[in-house]
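Readers should treat all values here as calculations from the given coordinates under stated rules, not as data from a laboratory. Nothing here was measured: the structure is a model prediction, and the numbers come from that model. Cβ placement follows ideal geometry from the backbone for every residue including glycine, while neighbour counts extend to all protein chains displayed.
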Amino acid sequence: MSGVESLEKEAERSEAAAQKASLLEVRDLRVWFDTPRGLVRAVDGVDLTVDAGRTLGIVGESGSGKSVLSRAIMKILAPSAQVRPGSEIRFNGVDLATVSPKKNKHLWGVDLSMVFQDPMTSLTPVMTIGQQLTETLRFHLNLDRAQAKAEAIRLLTLVGIPEPASRFAQHPHHLSGGMRQRVTIALAIACSPTLLIADEPTTALDVTVQQQILDLLQGLQQKSNMGMILITHDLGVVAGRADSIAVMYAGRIVETGPTRQLFAHMRHPYTRA
């Protein structure tokens, strides 16, 4: 075999390996908080992977560490949080611990995006809905004002907000909790992210709207081959939506597996409960 042929074979193997690599790989992630009552191990040795076009459901009760895990992936933890040495979060092969704050601004929204659990605190109260959407669109997609406004109204329509042109000019406190949650979803999907983390995305919505929003996220995922982490306290939400499920308890994943297999053979008492 000639040197050129050898290099070509090596390139083919590298390309095949890249295609098989997971979109997100978390290894031995530990996030601790130093509190007046002592050390709290909010996330304590978590391993997980998410592939492009696939959904991982993370299920657990309040306080199990789900939201801290998602914020660690996004690098938006509180200053009091300590990501312990040896923790590893790799996105598209890049160790997020080495990414600079400046590069993070371009990573969020386009590559990594998140639907936050509390829309009232995740939306800026002094900016209109339209300002928040167009700011994101203009920063990441280089749209002019008219283009950004048209796209923002399209996104508001997509997530089921009535009279989107009127809502565009309103502030978050003018909207109901369900409407605010839809706005946060519109913000999260505005730039078609590679990986979407949805932290209790349907908490403030009624059952019918829950289904509509989950159908919307699933449709966007299929269209763009987006990876998704769906975080919830309800196994029923992820039963028909996730390809695999990880059950969290006290900062650890106590059981994981393909969705059908996990429901057919629940091994851990906490999962069964």
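Given the C-alpha centroids of the stretch 215-273 and the stretch 110-176, what is the distance between them in whole angstrom?
Value for the Cα centre distance between the two parts: 29 Å.
Could you list 39, 23 so that the one with the fewest beta carbons within 10 Å of its beta carbon is first and the one with the most is last?
Least crowded to most crowded, the residues run 39, 23.
So for the chain: antiparallel DSSP bridges make up what percent, rounded to the nearest 5?
55 percent
Just to be sure I understand the model, the point goes 7 Å from the Cα along the line to the Cβ. What's the resulting residue 215 to residue 83 distance in nm?
A separation of 3.8 nm, rounded to one decimal place.
Order by neighbour count: 113, 87, fewest other Cβ atoms within 10 Å first, most last. Don't skip to the answer; put the middle values down first.
Working: 113 24, 87 18.
Starting with the residue having the fewest Cβ neighbours, the order is 87, 113.
For the stretch 259-273, take each phi angle, set θ = phi - 60°, evaluate the Karplus expression 6.51 cos²θ - 1.76 cosθ + 1.60, and give the result in whole Hz per residue in order, putting x for glycine and proline.
4, 4, 5, 5, 5, 6, 9, 6, 9, 8, x, 5, 5, 5, 5
Counting only C-alpha contacts under 8 Å and six or more residues apart, can you give the relative contact order of the stretch 114-273 as a whole percent?
After rounding, I find 21 percent.
Using the Cα atoms as the points, what is the convex hull volume per residue of the chain in Å³?
174 Å³
Ranking 80, 224 by Cβ neighbours within 10 Å, fewest first, what do you get?
If I rank by nearby Cβ atoms, fewest first, I get 80, 224.
At 0.36 nm per residue, minus the direct Cα-Cα distance, what do residue 233 and residue 120 gain on full extension? Give it in nm, one decimal, please. Write down the numbers at each step before the final one.
On the way: separation 113, 0.36 × 113 = 40.68 nm, distance 2.01 nm.
Using 0.36 nm per residue and subtracting the Cα-Cα distance, I get 38.7 nm.
Which FRET efficiency value, to the nearest 0.05, do you get for residue 165 and residue 75 by plugging their Cβ-Cβ distance into 1/(1 + (r/R0)^6) with R0 = 41 Å?
Efficiency computed from Cβ-Cβ geometry: 0.70.
If amide hydrogens are placed 1.01 Å from N in the peptide plane, which non-local residues have theirs closer than 5 Å to the one on residue 257?
245
Let me have the 222 nm mean residue ellipticity of the chain computed from DSSP H runs of 4+ only, each contributing -39500 (n - 2.57), with the sum over all residues rounded to the nearest 500. Don't jump to the answer; show the numbers that get you there.
Working: 12 runs with 115 residues, N = 273.
So the helix-based figure for the chain works out to -12000 deg cm²/dmol.
What longest region of the chain stays clear of trypsin sites (Lys or Arg not before Pro) that DSSP places outside H, G, I, E and B and that have at most 16 other Cβ atoms within 10 Å?
76-266
On a straight-distance basis, which aspartates and glutamates could pair with residue 103 in a cross-link, Cα separation under 15 angstrom, same-chain partners fewer than 8 positions away excluded?
Answer for residue 103, where 15 Å is the Cα cut-off: 95, 111, listed by chain and number.
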